[in-house]
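Next up is a structure, given as structure tokens.
The values are calculated or read from the model by the stated rules, or taken from the named source; none is laboratory data. Bear in mind the structure is a predicted one, so any value in this text is a computation, not a measurement. Please note: Cβ atoms are built from the backbone with ideal geometry, for glycine as well, and neighbour counts cover all protein chains shown. All accessible areas refer to the heavy atoms of the entire protein, side chains included, with ligands and DNA or RNA removed. Shrake-Rupley method; radii C 1.70, N 1.55, O 1.52, S 1.80 Å.
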Amino acid sequence: MKTTTIIGLEVHVQLLTETKLFSGAINKFAPEAPNTHVDPVTLGLPGTLPVMNRKAYELAVKVGLALNCDIAPFTKWDRKQYYYPDLPKAYQISQYDLPLCHDGYLEIDLPDGGGQKRIGIIRAHLEEDAGKNMHAAGGDSRVDLNRAGTPLSEIVSEPDIRSAAEAKAYLQELKLLMSYLGVSDCNMQEGSLRCDVNINLHLEKEDGKKVATPIVEIKNMNSFNGVEAAILYEEKRQLEAFEKTGKTIDDAPKATRGFDLDRGVTYPMREKEEAADYRYFPDPDLTPVTITDAEVETIRATMGEFPADRRSRFVAALELSAYDAGVIIDQGVAFADYFEEVHRACGDPKRAANWCTQDVLRDMNERGEGLVAFSAAVPASVLGGLLRLIGDGDLTTAAARDEYAKYLGGDYETAGGTTPEDALAHVRANAEAAGALTVKDTGALEAAIAAVLDKPSSDKAIEAVKGGKQQAVGPLIGQVMKEVKGADPKTVREMLIAAIEAC
Amino acid sequence: MSGSALPTTAVEITAAVKAGDVTAVETAEAALAAIEAGDGDVAAFVHVDRDAVLGHATRVDAKRAAGERLGPLAGVPVAIKDLICEEGQPCTCSSKMLADFRPPYSAHVSDLLLAADAVPTGRANMDEFAMGSSTENSAVKTTKNPWDLERAPGGSSGGSAAAVAAGFTPLAVGTDTGGSIRQPAAFCGITGLKPTYGRVSRYGLVAFASSLDQIGPMATTVADAALMLQAIAGHDARDATCLDEPVPDYLASLDEPLTGLRVGVCREHFVEGLDAEVSKAVLEAVEVYKSLGAEVVDVDLPHSKYSVATYYIIAPSEASSNLARYDGVHYGHRSEKFDPQNEDLVTFYERNRGEGFGDEVKRRILLGTFTLSAGYSDQYYNQSLKVRRLIKRDFVAAFEKCDVIASPATPTAAFKIGELVDDPLAMYLNDMYTIAANMAGIPALSLPCGFTAGGLPIGLQLSAGLLAEEKLLRAARMYEAATDWHTRRPA
Amino acid sequence: MDAAPKSDAPKVGRDDVAKIARLARLRLEEDELDRIWPQLAKIVGYVEQLAEVDTDGVEPMAHAVERTNVLRDDVPVEMLPRDKALANAPKNDGKYFLVPQIIDAE
């Protein structure tokens, strides 16, 4: 039997606004201070009214543009009615029949170099988040409304996803896109990106008959690994269930399941007694919003470069490897910006990429700090300056590493001025004071080389080099460099070989 | 206090307070004394916070003493319908559901009244959550009509109307969703104005039906109504439906008669169901306009006969949603009968809401839940929104032919308490003349135009085009100046 | 469907009203249901008259005064201190609103 997994994802992305969707209460994750980021509107107090946040609307338009959606020239806000303790008005302000964004797609890189695939986007609408219920063991449940009213973009994909790996790739690309555009921080621990998975199997039996298993919705996942594991589990479970019961999509309505990350299994959620009837109707407290093509273009113009475009540019224009370009882009927009500043300051994109993907990433991870703290210690202009000194032959790589470590360790003031020129001067001055600059005085080098070659202990090496074994020059390089601190080993090696061959 | 009688209208009071002839505390004390003496019978108020009232009055007097400029309602006692939030005061909506609710914030209108140096003088009774036409749906008490204590004052702003008619306060704040200012104004022989939808901010007004609710003044004279509208009208960024349009000076032109005034009369208004005495009084009022030089023109409002049916879909639909928040979680009544061992969350809500709401509120929530439910919303809710547009179009066409439309405010004068309580539909039909203005969003007012043989006041309704309050008030003032119905007070 | 209060069959019967009450989270005691359902049936019967209005091509009108694009700037306002936010809660612990234990999964 041939099986195909059919997956559609509904992703909720919290938008990065200062204030909530419909009130001026602060939009900020603060579980340690429950019920403090609230105002009368957030609490849904009698008499309060919502007023739409312009920034949230614009961010939601950006989401749509990033996902190649059509932006609705006329959109309105609808009330979705249901009762839950985290929903203070007992309705959620959402969008029903006229979503702000619709009919788009997202290109993803298929796993294992399988090329690209386009995942359709049905709609991306704007709505408000609910608060949070916390189920304590025994006693009462606790309700925190800090999150209530946070603007959300709900992004609904077509059922175009065919595997757990594709789902993960889709989510990763979506997260990257949202964070690049400054639309959302997509911090999954804080729940600013959450996902529902709709999944079933299409089966083709040996006799050519096609059937589909009942659709299952796995609710409220907040980790990529969880989504992946839940899909893998559900693929197995649905196949086994079908083989056991023969039940198809025609025999059972859509079921809701949760996912237990610790046990790696999905489990049935309690079914509501009556089918959900949300009784959508246009919110009379809010006016519809219209947008012209020109206004859409104005917003588009503020969006900057999409990550996929930037990745391509790194490969095409900067001649980075696809791998390095990917590593840099995946670190997020701030890191990519840092890299670009480094490469502009040093003039060698490849060298900048090597340092950024190796030294910088390693040290950032070791320090356990974000890029902000890291770049406070080693600003991009400073790193760029160090790399330029290497390129100019003024610093050896080893010496540059020593200098870099000093910046990282806080041994230097980093205030090197705001221009790359200032920073370069500052980096050079520090290196010079430390005696780290490469000695370019060939007179001193020639003298030191002559002295080393004169030593009887060097005869053996000289013979070997003359015999064609150039690597035998190594110990001599060391001796020369002992005499002339700051000499460039490459230069020393070349001069030594030339001197031996000349004698 | 001086021996002479205190002034009675808001215009007079504020002038006297500004002149230093009386103090705000004196007028407040007088209002409190009148309430003390008369409200045992009338039951207009659900809560009077004596200290808060005198505190407001003292602040006004202190302002004057300090030489500060006083606001347009300086020292005027104002009754506040018990669904407009005043921080720290109860706001029960005359419901068991909100019996203990004290809002931590104030309505925009409350802020404006204080800014105008008015003296909020107690929370006026109402039909529960503004649903009703008699104030009998109050969970607290039943307000009596000061003209006849066995009769209803109308509703839902019955407490506000009775407070003004009984002379407790010269002004009251009312709200009008389908006639809740104008019908009680008519029943109580006072002037009540429902402004254009969006003219007054709804922020802090506990919602009944959001697309219809509007706050307005209730007063004994047209000038007092204009004075209060002046103070409360205008843009508020906290209400997205509040109009950002300049507020004209309503008082400046009030006494200038309108030349070439065209008064529209609609035949459909004078049909079966209209009491003969009311019909006669209203037609006589039209004659008064003729005698003042106005042209009377026939207008057609072919869809107005559907306004009650339209209203009883739209208003309950919105109400079923607006009142969903009263579930006993964050505020409001929570049942003590809930058994967490054996009952689920649904039952928790059902118990809280079942106990907290009275019959009429339940009926409307049920009706609205039904008209919005899957499979029915097209047939009921969506169809009603379309008919609403037809009702509005009728008015747009009518106001091309006339400046104001004159009609009865109510089909009968005040009915007896208990008379319609078991027949909700008959009660609803009491609003047959007032509802259309809410549908179309246009301003409309009721003012006294006569009395029945039994001595009950009769109301004349005037309506005008969007934002035409200035014209509407001037037209009302023309009639008022030519008649003396508004000067009569209950015994 | 239950018997009609009038001769024409009502659109809304007793069982329907009970179902709607559940959707609206309103507990109706048996006697309340007996009292209220015929009233509702009568009102629904009355509003049925809208079906006779020809509304072909008429746009629904959800707002009394139709406007668009009323938006606010993304600027914070003063928030409520927590004690005020919780002051009207039927039950709270000084930090959270409290509701009876909710079990809605597994």
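Using all alpha carbons of segment A:1-140, what is the percent of pairwise distances in each 5 Å bin, ordered from the shortest bin to the longest?
Over segment A:1-140, the share of Cα pairs per 5 Å bin runs 2, 8, 14, 18, 16, 13, 11, 8, 5, 3, 1, 0, 0 percent.
Now for a separate question. Could you tell me the distance between the Cα centroids of segment B:188-208 and segment A:115-147, to the nearest Å?
Each part reduced to its Cα centre gives a spacing of 38 Å.
If I fit a long axis through the Cα atoms of helix A:397-408 and take the longest principal axis of the Cα atoms of chain A, what angle between them do I get, 0 to 90°, rounded to 10?
Approximately 50 degrees, to the nearest ten.
Could you grab the Rg to Rh ratio for segment B:1-79? Cα atoms only, Kirkwood for Rh. Mind dumping the intermediate values first?
Working: Rg = 12.6 Å, Rh = 13.0 Å.
Rounded to two decimals, Rg over Rh is 0.98.
Can you give the local net charge around A:Glu305? Use residues other than it whose beta-carbon is closer than 11 angstrom to its beta-carbon, Lys and Arg +1, Asp and Glu -1. Mind showing how you got there, number by number?
Values: positive: A:Arg310, A:Arg311, A:Arg313; negative: A:Asp309, A:Asp337, A:Glu340.
Net of charged neighbours comes to 0.
First compute the accessible area of segment B:271-318 with a 1.4 Å probe, then give the percent of it belonging to carbon and sulfur atoms. Walk me through the numbers on the way to the answer.
On the way: 1030 of 1990 Å².
Roughly 51 percent, rounded to a whole number.
Do any residues of segment B:175-220 lose at least 50 Å² of accessible area when the full set of protein chains is present rather than just their chain alone, and if so which, with a 1.4 Å probe?
B:Tyr203
How crowded by other chains is B:102-109, given as the mean number of beta carbons from other chains within 10 Å of each beta carbon? Kindly include the intermediate steps, with their values, before the conclusion.
Numbers: counts 3, 8, 12, 10, 2, 2, 2, 0.
Partner Cβ neighbours, averaged per residue: 5.
Report the semi-axes of the equivalent ellipsoid for segment C:9-106 in whole Å, largest first, where each axis is √(5λ) for an eigenvalue λ of the Cα gyration tensor.
Working: eigenvalues 295, 181, 31 Å².
Values for segment C:9-106, descending: 38, 30, 12 Å.
First measure r as the distance between the Cβ atoms of A:Lys455 and A:Asp392, then evaluate 1/(1 + (r/R0)^6) with R0 = 35 Å and state the FRET efficiency to the nearest 0.05.
Numbers: r = 33 Å, r/R0 = 0.94.
Efficiency, rounded to the nearest 0.05: 0.60.
Can you give the extra length, in nm with one decimal, that the chain gains between A:Thr419 and A:Asp103 once fully stretched, where that is 0.36 nm per residue apart less the Cα-Cα distance?
Values: separation 316, 0.36 × 316 = 113.76 nm, distance 4.50 nm.
Using 0.36 nm per residue and subtracting the Cα-Cα distance, I get 109.3 nm.
For chain C, what is the number of Lys pairs with C-alpha distance below 22 angstrom, counting only pairs 8 or more positions apart or on separate chains?
Working: C:Lys6/C:Lys19; C:Lys6/C:Lys42; C:Lys11/C:Lys19; C:Lys11/C:Lys42; C:Lys19/C:Lys42; C:Lys84/C:Lys95.
Lysine pairs meeting the criterion: 6.
State whether segment B:1-150 is rounded, prolate or oblate according to the following rule on the C-alpha gyration tensor (a ≥ b ≥ c being the square roots of its eigenvalues): a/c under 1.5 gives rounded; otherwise a/b larger than b/c gives prolate, and the remaining case gives oblate. Write out the running numbers ahead of the final one.
Values: a/c = 2.44, a/b = 1.50, b/c = 1.63.
Cα axes put segment B:1-150 in the oblate bin.
Where does the charge balance sit around B:Ile417 when Lys and Arg score +1, Asp and Glu -1, over other residues with C-beta under 12 Å from its C-beta? Could you put the intermediate results ahead of the total?
On the way: positive: B:Lys141, B:Lys144, B:Arg151, B:Lys416; negative: B:Glu136, B:Asp148, B:Glu150, B:Glu419.
Residues near B:Ile417 contribute 0 overall.
For chain A, which whole percent of the accessible surface, found with a 1.4 angstrom probe, sits on carbon and sulfur atoms? It would help to have the intermediate numbers written out before the result.
On the way: 11080 of 21890 Å².
Answer for chain A is 51 percent, counting heavy atoms of protein chains only.
Counting each DSSP H run of 4 or more residues in the protein assembly as shown as -39500 (n - 2.57), what helix-only mean residue ellipticity at 222 nm follows after dividing by all residues, to the nearest 500 deg cm²/dmol? Write down the numbers at each step before the final one.
Numbers: 35 runs with 412 residues, N = 1100.
One gets -11500 deg cm²/dmol as the mean residue ellipticity at 222 nm.
Using a 1.4 Å probe on protein heavy atoms, which residues of segment A:135-181 have at least 10 Å² less accessible area in the complex than alone?
Relative to the lone chain, where solvent access is computed with a 1.4 Å probe, segment A:135-181 loses at least 10 Å² at A:His135, A:Ala136, A:Gly139, A:Asp140, A:Ser141, A:Arg142, A:Val143, A:Leu145.
Can you pull the Rg over Rh of segment B:210-295, Cα-only, Kirkwood? Could the numbers behind the result be given before it?
Values: Rg = 17.2 Å, Rh = 16.3 Å.
Looking at segment B:210-295, the ratio lands at 1.05.
Further question: In the neighborhood of A:Pro475, defined by Cβ-to-Cβ distances under 14 Å, what is the net charge if each Lys or Arg adds +1 and each Asp or Glu adds -1? Walk me through the numbers before you get to the answer.
Details: positive: A:Lys455, A:Lys460, A:Lys469, A:Lys482, A:Arg493; negative: A:Asp459, A:Glu463, A:Glu483.
Residues close to A:Pro475 contribute a combined charge of +2.
With a ≥ b ≥ c taken as the square roots of the eigenvalues of the C-alpha gyration tensor of segment B:281-435, please select rounded if a/c is under 1.5 and otherwise prolate if a/b is larger than b/c or oblate if it is not? Walk me through the numbers before you get to the answer.
Numbers: a/c = 3.49, a/b = 2.13, b/c = 1.64.
Cα axes put segment B:281-435 in the prolate bin.
Could you run the Debye sum over the Cα atoms of the protein assembly as shown, one equal point scatterer each and no solvent, and tell me log10 of I(q)/I(0) at q = 0.05, 0.06 Å⁻¹, two decimals?
The computed values of log10 I(q)/I(0) come out as -0.44, -0.59.
From Cα pairs below 8 angstrom and at least 6 apart in sequence, can you work out the relative contact order of segment B:216-273, rounded to a whole percent? Walk me through the numbers on the way to the answer.
Details: 30 pairs, mean separation 13.6, N = 58.
Answer for segment B:216-273 is 24 percent.
How big is the gap, in Å, between the Cα center of segment A:157-173 and the Cα center of segment B:238-287?
Using only Cα atoms, the two centres lie 63 Å from each other.
Just to verify a number: FRET efficiency for A:Glu217 and C:Glu66, C-beta to C-beta distance, R0 = 30 Å, to 0.05?
Values: r = 37 Å, r/R0 = 1.24.
Computed FRET efficiency for A:Glu217 and C:Glu66 comes out at 0.20.
Under 5 Å between amide hydrogens, which residues at least 5 positions from A:Met52 or on another chain qualify, with H placed 1.01 Å from N in the peptide plane?
C:Arg72
Quick one: buried accessible area between B and A, total over both chains, 1.4 angstrom probe, nearest 100 Å²? It would help to have the intermediate numbers written out before the result.
On the way: alone 18590 and 25080 Å², together 40880 Å².
Buried area (both sides, nearest 100 Å²): 2800 Å².
Also, quick follow-up: What's the magnitude of the charge dipole for segment B:108-219 around its Cα centre, counting Lys and Arg as +1 and Asp and Glu as -1 at the beta-carbon? Answer in Debye, nearest 20.
Values: 8 positive and 9 negative charges, 22 e Å.
That gives a dipole near 100 debye.
Search the structure for amide H atoms under 5 Å from the amide H of A:Leu100, placed 1.01 Å from N in the peptide plane, and list their residues when 5 or more places away or on another chain.
Close amide H contacts, sequence-distant or interchain: A:Leu126.
For segment B:358-373, which residues drop by 40 square angstrom or more in accessible area between the chain on its own and all protein chains together (1.4 Å probe)?
B:Asp359, B:Lys362, B:Arg363, B:Leu366, B:Leu367, B:Thr369, B:Phe370, B:Leu372
Taking one equal scatterer on every alpha-carbon of segment B:151-207, how large is log10 of I(q)/I(0) by Debye at q = 0.12, 0.13, 0.31 1/Å?
-0.25, -0.30, -1.26
Please work out, to two decimal places, the log10 of the ratio I(q)/I(0) at q = 0.21, 0.25, 0.27 Å⁻¹ from a Debye calculation in which every Cα of segment A:364-405 carries one identical scatterer.
Debye curve over Cα of segment A:364-405, log10 I(q)/I(0) at q = 0.21, 0.25, 0.27 Å⁻¹: -0.68, -0.83, -0.89.
Using the scaling law 2.2 N^0.38 Å as the reference, what is the normalised Cα Rg of segment A:123-225? Kindly include the intermediate steps, with their values, before the conclusion.
Values: Rg = 17.6 Å, N = 103, 2.2 N^0.38 = 12.8 Å.
Computed over Cα atoms of segment A:123-225, the ratio equals 1.37.
Quick check: from the Cα gyration tensor, does chain B come out rounded (a/c under 1.5), prolate or oblate? Don't skip to the end; give the middle numbers.
Values: a/c = 1.56, a/b = 1.07, b/c = 1.46.
Taking the square roots of the gyration eigenvalues as a ≥ b ≥ c, chain B is oblate.
Okay, moving on. Leaving out ligands and nucleic acids, note down the accessible area per residue over the protein assembly as shown with a 1.4 angstrom probe, in whole Å². Could you put the intermediate results ahead of the total?
Values: 42340 Å² over 1100 residues.
On a per-residue basis, the protein assembly as shown sits at 38 Å².
Check cross-link reach from A:Lys482 to the lysines: straight Cα distance under 22 Å, and skip same-chain residues fewer than eight apart.
A:Lys482 reaches A:Lys440, A:Lys455, A:Lys460, A:Lys490.
With the full set of protein chains in place, find how many percent of the accessible area of segment B:393-491 is carbon and sulfur; take the probe as 1.4 Å.
Working: 1640 of 3060 Å².
Within segment B:393-491, the accessible surface is 54 percent carbon and sulfur.
With a cut-off of 8 Å between alpha carbons and a minimum separation of six or more residues, what is the relative contact order of segment B:280-430 in percent?
Details: 111 pairs, mean separation 50.0, N = 151.
For segment B:280-430, the relative contact order is 33 percent.
Same structure, new question: Using amide H atoms built in the peptide plane, which far-off residues or other-chain residues are under 5 Å from A:Asp78 H to H?
A:Ser94, A:Gln95, A:Tyr96, A:Asp283
One quarter of the convex hull surface, Cα atoms only: what value does that give for segment A:256-382 in nm²?
Details: hull surface 61.2 nm².
If I average the Cα hull's projected area over directions, I get 15.3 nm².
Which whole-number percentage describes the relative contact order of segment A:250-380, with Cα contacts under 8 Å and a sequence gap of 6 or more?
Values: 71 pairs, mean separation 17.3, N = 131.
It rounds to 13 percent for segment A:250-380.
Specify the angular offset, from 0 to 90 degrees and rounded to the nearest 10, of the alpha carbon long axis of helix A:333-346 from the longest principal axis of the alpha carbons in chain A.
So the inclination is approximately 20 degrees.
What's the Cα-based Rg to Rh of segment A:1-44, Rh via Kirkwood? Walk me through the intermediate numbers first.
Values: Rg = 18.1 Å, Rh = 13.5 Å.
Rounded to two decimals, Rg/Rh equals 1.34.
In Å and from the alpha-carbon atoms only, list the Rg and Dmax of segment A:348-485.
Using the Cα atoms of segment A:348-485, the pair Rg, Dmax is 18.7, 56 Å.
Hey, in the GNM for chain C with a 10 angstrom Cα cutoff, which one of C:Val75, C:Val65, C:Val53 fluctuates hardest?
C:Val75
Still on this model: What's the total accessible area buried between chains C and B, using a 1.4 Å probe, rounded to the nearest 100 Å²? Intermediate values should be presented prior to the final figure.
Numbers: alone 10520 and 18590 Å², together 23690 Å².
The summed interface area works out to 5400 Å².
At a probe radius of 1.4 Å, figure out the C/A buried accessible area, summed over both chains, and give it in Å² to the nearest 100. Write out the running numbers ahead of the final one.
On the way: alone 10520 and 25080 Å², together 31500 Å².
Chain pair C/A: roughly 4100 Å² of buried accessible area.
Within segment B:354-422, count lysine pairs with alpha carbon atoms under 30 angstrom apart where the residues are 8 or more positions apart or belong to different chains.
Details: B:Lys362/B:Lys386; B:Lys362/B:Lys392; B:Lys362/B:Lys416; B:Lys386/B:Lys401; B:Lys392/B:Lys401.
Step by step, the pairs that qualify in segment B:354-422 add up to 5.
Bin width 10 Å, alpha-carbon pairs only: give the P(r) of chain A as whole percents, running from 0 to the bin holding the largest distance.
That works out to 4, 15, 20, 20, 15, 10, 8, 6, 3, 0, in percent per bin.
Let me ask something additional. Out of C:Arg22, C:Arg14, C:Arg72, any idea which swings most in a Gaussian network model of chain C, alpha carbons joined below 10 Å?
Highest fluctuation among the options: C:Arg72.
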